[in-house]
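The values are calculated or read from the model by the stated rules, or taken from the named source; none is laboratory data. Keep in mind it's a predicted model, so treat the numbers as computed, not measured. As a convention, Cβ positions derive from the backbone with ideal geometry for all residues, glycine included, and neighbour counts pool all protein chains shown.
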Amino acid sequence: MRIIKIAKNAGFCFGVERAVAEALKIQKQYNKKIYTLGPLIHNNDVVKHLEDNNIFSISLENIDTLENGDVIVIRSHGVAKEVFTELEKRGLIVKNATCPFVTNIQKKVEKFSKEGYDIVILGDENHPEVMGINGWCDNKAIITKDGLLPDNLYNKICAVSQTTEKKENWDKTLDTLASKELEVLTFNTICLATTERQESAEELSKKVDAMIVVGGKNSSNTTKLYNISKENCVHTIHVENSSELPEEYIYNNNFKSIGITAGASTPEWIIRGVINIMQDEINNKEDQLQMMDQMDKRFIIGDEVEGEILSKTRDEILVSLVGYKSDGVISFRELTTLCDSTEMAEKLCIGDTIKAKVIKLQNSDGYVVLSRLEFEKDAAYVELQTLFDNGTIFDAKVDEIKEKGLVSYFKGARIFIPASQIDTKFIDNKDYLKGQILKVKLIEFSLGRTSKIIASRRVILEAEIAKIEEIAWSGFNVGDIVKGEIKRFAKFGAFAQVNGIDGLIHLSQISWKHINKAEEVLKKGDILDLKIIDLNKEANKLSLSIKQLTPEPWENVTEKYPEDSVVLGKVVRLNDFGAFIELEPGLDGLVHISKISYDRVLHPSEVLTIGEEVKAKILSVDAENKRVSLSIKDV
Ligand code: SF4
């Protein structure tokens with residue numbers, strides 16, 4: 001039984017796959033013959049496939065043969081800046097399919113050469129990617145193939161690497177630079193896709209009897225895989241596709257285990273072709289291919305990343321993600337909620353570092369979509385958790401009015417204030433609260449799929465009221481005279497607020513005279529002196545009196561109203577047996593019907609009217625029974 005193993009990381013990398021897919025998409029869009037500047041990929045089978053789809057390679061030397069309006073695609077290796085200008089000057093439609101990882105290097109090189117650094121590129125000076133990168137620093141880069149550098153270096157250095165370079169060469173470059181005693185800035189721009197493929201090939205080639213490296217003969221990264229594998233496994237071969245497989249690799253039963261790896265420019269269908277022709281047991285084939293599919297996914301949604309700002313457009317910021325093959329993009333609206341996002345974007349500078357979270361693995365341009373706002377929200381959640389744990393009161397601006405309550409955004413995190421928690425009383429129309437700052441406290445805090453961050457203003461108001469009431473009650477004593485404001489009326493009296501506590505002035509305690517309704521003598525908002533006549537804190541009962549602050553009218557009545565004297569009074573009630581005359585509030589005297597007139601009177605109303613002022617003689621005063629007898633006719 002023969003085992004065929006596929007290297008854990010093998011085949012198409014993100015950048016090449018993206019460039020091929022882009023070219024096919026662009027061709028469909030223009031529906032005519034389109035061109036790529038140089039072969040899109042170092043793989044003859046794929047080149048043939050592209051040609052079948054009306055996509056042809058053209059070199060810069062032959063560019064004159066193209067016409068105005070022809071479409072040309074820049075391959076994943078990228079090109080020098082001036083090449084873009086040149087192509088556009090010729091009226092060509094230029095589509096850029098440069099691998100974002102390579103774009104990242106170009107931008108770094110451009111930035112730091114402008115800042116006065118000498119650029120060092122580790123790589124092959126004749127490789128299109130290196131030539132392209134060099135074109136972003138006016139072709140002045142010092143290019144080293146093996147990490148060795150000239151002695152006459154005096155300026156500050158910025159070093160980058162060709163994406164397909166070996167790690168050991170990069171280490172050598174760093175060693176050389178370290179010995180120079182210069183200001184050095186280094187960016188390890190070796191693409192992980194390359195490193196991973198090389199490491200996987202290294203690992204697998206040590207374990208198998210034979211290795212097959214699949215990929216274009218002119219592909220540098222495939223050649224590197226071949227060299228690495230050959231060092232570990234003497235029976236290593238390099239084939240472009242299944243048709244080149246030697247018979248001994250198909251039928252040789254001495255090869256009990258065969259390893260397969262493929263360069264970054266080898267599509268899955270070519271690898272499958274090789275595997276299929278082996279016609280043998282394919283151990284874990286599906287698993288392995290699945291692994292291949294996943295080999296470039298290194299982010300997950302929600303990952304926190306930090307990167308350097310590479311450029312800004314009218315509504316986006318491009319961020320370099322060190323160690324990742326693609327750059328990230330943050331739209332202005334995902335920048336912040338703490339201030340105007342456009343203003344914030346203006347303040348950010350190229351070269352600044354920025355933290356954000358991954359919200360989409362890849363957009364249509366191949367960028368990782370980031371949100372700084374989501375990152376900001378995380379910090380807000382931490383802050384909110386502390387506010388919740390400590391029961392801290394904080395300011396919340398009302399951003400939205402909802403049917404069931406209010407919404408406030410705390411540094412991007414949504415807080416809900418239910419209608420029942422806005423005030424101590426139910427508020428029907430909440431619209432006036434929009435934009436207002438409320439003091440609130442969190443009463444519920446849970447994160448997860450259904451995050452709940454609930455705040456309340458009511459608990460704060462209730463606590464304040466309770467505090468005020470506590471102080472007020474402790475200051476009350478029966479007999480105290482206090483100031484109170486009339487707040488509302490009831491059938492049995494009026495309620496007045498004293499130091500925040502509602503107290504009752506019973507109808508009988510409003511005046512010494514008889515009154516039917518409290519509103520007859522009081523009105524809302526009146527501020528009066530009141531006497532505390534009873535209190536019960538536990539039952540929340542405070543009894544107040546107005547009348548007890550004025551003298552009892554029947555006190556000293558005999559001295560005030562001596563018999564036979566004549567008084568002026570007001571008719572207040574009439575009935576069958578006579579008329580009641582008010583001498584002062586709370587003190588009425590009775591004129592018997594027989595004492596009204598010398599003429600015959602059948603009913604007092606025949607001669608008297610309510611409210612009329614009359615003079616009367618005091619016939620007798622009975623202080624004990626609170627009776628005063630009067631006579632009008634004897635005056
Ligand atoms: S940089 Fe990496 S991902 Fe991009 S094309 Fe090169 S090998 Fe592929």
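Just a few scattered comments:
- Restricted to the range 355-431, the set of strands (runs of 3 or more DSSP E) holding at least 3 residues that are closer than 18 Å to LYS452 by Cβ comprises 405-410, 413-418.
- The strands (runs of 3 or more DSSP E) falling completely within the range 200-274 include none with 3 or more residues that are within 21 Å of ASP124 (Cβ to Cβ).
- Note on the range 332-354: residues that are out of contact with any strand residue (DSSP E or B) (no Cβ under 8 Å at 6 or more places or on another chain) and surrounded by 18 or more Cβ atoms within 10 Å (Cβ to Cβ) total 2.
- Taken over the range 399-447, the criterion of being among the β-branched types (Val, Ile, Thr), crowded, with 19+ Cβ neighbours inside 10 Å and in contact with a strand residue (DSSP E or B) (Cβ under 6 Å, 6 or more places away or on another chain) is satisfied by ILE415, ILE417, VAL440.
- Residue check for ALA472: out of contact with any Pro (no Cβ under 6 Å at 6 or more places or on another chain), closer than 30 Å to VAL382 by Cα and outside any strand (DSSP E or B): no
- Subset of the range 1-13 (residues that are surrounded by 24 or more Cβ atoms within 10 Å (Cβ to Cβ) and either farther than 25 Å from LYS224 by Cβ or within 12 Å of the ligand (Cβ to nearest atom) (or both)): ASN9, GLY11, PHE12, CYS13
- Breaking point among (1) at pLDDT 95 or above; (2) loosely packed, with under 12 Cβ neighbours inside 10 Å, for GLU538: (1)
- Residue pairs whose Cβ atoms lie under 6 Å apart, sitting 6 or more positions apart in sequence or on different chains, and linking a residue in the range 215-242 that is free of Cβ contacts under 8 Å to residues at least 60 places away in the same chain and among the hydrophobic types (A, V, I, L, M, F, W, C) to a partner that is surrounded by fewer than 19 Cβ atoms within 10 Å (Cβ to Cβ) and in a loop (DSSP other than H, G, I, E, B), are VAL239/LEU245.
- Residues (within 16 Å of the ligand (Cβ to nearest atom), surrounded by fewer than 21 Cβ atoms within 10 Å (Cβ to Cβ) and part of a helix (DSSP H, G or I)) located in the range 19-40: ALA21
Here is a yes/no grid of residues against (1) modelled with pLDDT under 95; (2) on the phi < 0 side of the Ramachandran plot:
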position: VAL120; (1), (2): no, yes
position: ASN126; (1), (2): yes, yes
position: GLY132; (1), (2): no, yes
position: GLY147; (1), (2): yes, no
position: PRO150; (1), (2): yes, yes
position: ASN155; (1), (2): yes, yes
position: THR163; (1), (2): yes, yes
position: LYS167; (1), (2): yes, yes
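- Any hit, the range 65-74, residues being small (Gly, Ala, Ser), closer than 30 Å to PHE12 by Cβ, more than 16 Å from the ligand (Cβ to nearest atom) and surrounded by fewer than 12 Cβ atoms within 10 Å (Cβ to Cβ): no
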